[in-house]
Amino acid sequence: MDPRCNVNSFYPGLNWSDTEGRSIQAHGGGILYNCGIYYWYGENKDSETYRVGEITDWECWRSDVTGVSCYSSSDLIHWKNEGIVLEAVRDDPSHDLHTSKVVERPKVIYNEKTNKYVMWMHIDTMHYDYAAVGVAISDNPTGPFKYLRSFRPNNCDSRDMTVFKDDDGEAYLFYSSEMNKTMHITPLSEDYLGVGDHFSQVFVGQSREAPAVFKHKMKYCMITSGCTGWEANEAQYAVAESIYGPWTVKGSLCTGENSARTFGTQGTYVFPIIGKQDACIFMADLWKKQDLRESRYIWLPVRFKGDSISVGWMGKWNLSVFD
């Protein structure tokens, strides 16, 4: 743990450690709340970073797939390492989870009808030309997860993605499609293992990625980034009264110094604090493209004012800001 940190506060951008003192590896992650415990899932990037040299139109820095990590906490400060809950595959180069492939942005939701925990993720080749989603299931939030398959939702390419579970139990997949030009929204099947046969196109031609979707006072909110590879850009947010839209882009999410670059980060998820009103946390990754295992996490409180939301920089904070 960074010596500037203590155990009672968030220190965005510093090195966060688990309860055993090891750096947390949960990049591009998301949060599941279940029975009083928060579970943080993310990409374990604890391997060497290298650049894919044959890709010349953008800086394709990557690390071999290690798997999806899970950490658990009752207070969001002390995180127990639950291990790698979806393991990489080392002996089959054709497998979606082979170390040479791409496994990004894992998100887990719970299905009350099947009593299964369902993980969705972006699956790709190292050249990013497969552009699919992958699905895995488990009987327990801490796994192990059994990988089921990958596919292109509605026969459309899918890169940055997230899943959102609504208050009524219906769940949806949001994914950047049409070569990242347009965002698609499609319902998940009743068991959360597939998608419906229809989808909505939003932000058409606007090249938005890294969707983070949540709900506040019966309105849907979505935070996205622009498409600039590993380089940070301005996060924007949009609101809608229906999950399929129309979505109204409201503008920049962040305020203050370096807000035009989202404080140097890219968003990955927004989640509510259980038991507190109007309390949500914006999760983002401070990517270190040439050493991905050393990428940091920036969590900041979301501020609400009418239909407007904002995120301002705080170098140190705790949950009392929501009191």
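Okay, here's what the table says:
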item: Full-extension gain in nm, N15 to E257, via 0.36 nm per residue minus C-alpha separation; result: 85.0 nm
item: Neighbour-count ranking [beta-carbon atoms within 10 angstrom, fewest first] of V133, V321, V270; result: V321, V133, V270
item: Residues F282, F164, F214 arranged by fewest to most Cβ contacts within 10 Å; result: F214, F164, F282
item: Shape metrics for the range 86-126, restricted to C-alpha atoms - Rg then Dmax, Å; result: 12.4, 36
item: Those aspartates and glutamates that a straight Cα-Cα span of less than 13 Å connects to K146, excepting residues fewer than 8 apart in one chain; result: E87, D96
item: Under 14 Å from the Cα of K116 - aspartates and glutamates, other chains or at least 8 residues apart; result: D139, E190, D191
item: q = 0.11, 0.17 Å⁻¹, the range 71-224: log10 I(q)/I(0) [Debye, one scatterer per Cα]; result: -0.44, -1.06
item: Compactness relative to 2.2 N^0.38 Å, alpha carbon Rg of the chain; result: 0.92
item: Options S320, S74, N233, ranked by Cα towards positive dipole end of the chain, top entry (Cβ charges); result: S320
item: Cα→Cβ-extended label distance, 7 Å offset, between R22 and K80, nm; result: 1.5
item: Theoretical gain in end-to-end length, E294 to D278 [0.36 nm per residue, Cα-Cα removed]; result: 2.6 nm
item: Nearest-20 debye value, the range 105-224 charge dipole, Cβ charges on Lys, Arg, Asp, Glu; result: 260
item: Residues of type lysines that K288 reaches as a straight line, Cα spacing below 20 Å, ignoring anything fewer than 8 places off in the same chain; result: K45, K101
item: Low-density loop positions, trypsin sites (Lys or Arg not before Pro), the range 227-286 - DSSP coil, at most 15 other Cβ in 10 Å; result: K276
item: Assigned charges on the beta-carbon of Lys, Arg, Asp, Glu; the chain dipole about Cα centre (debye); result: 680
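FYI, it's all coordinate maths here, none of it is from the lab. What you see is a predicted model; the values in this text were computed from it and never measured. Here the Cβ is made from the backbone with ideal geometry for all residues, glycine too, and neighbour counts use every protein chain on show.
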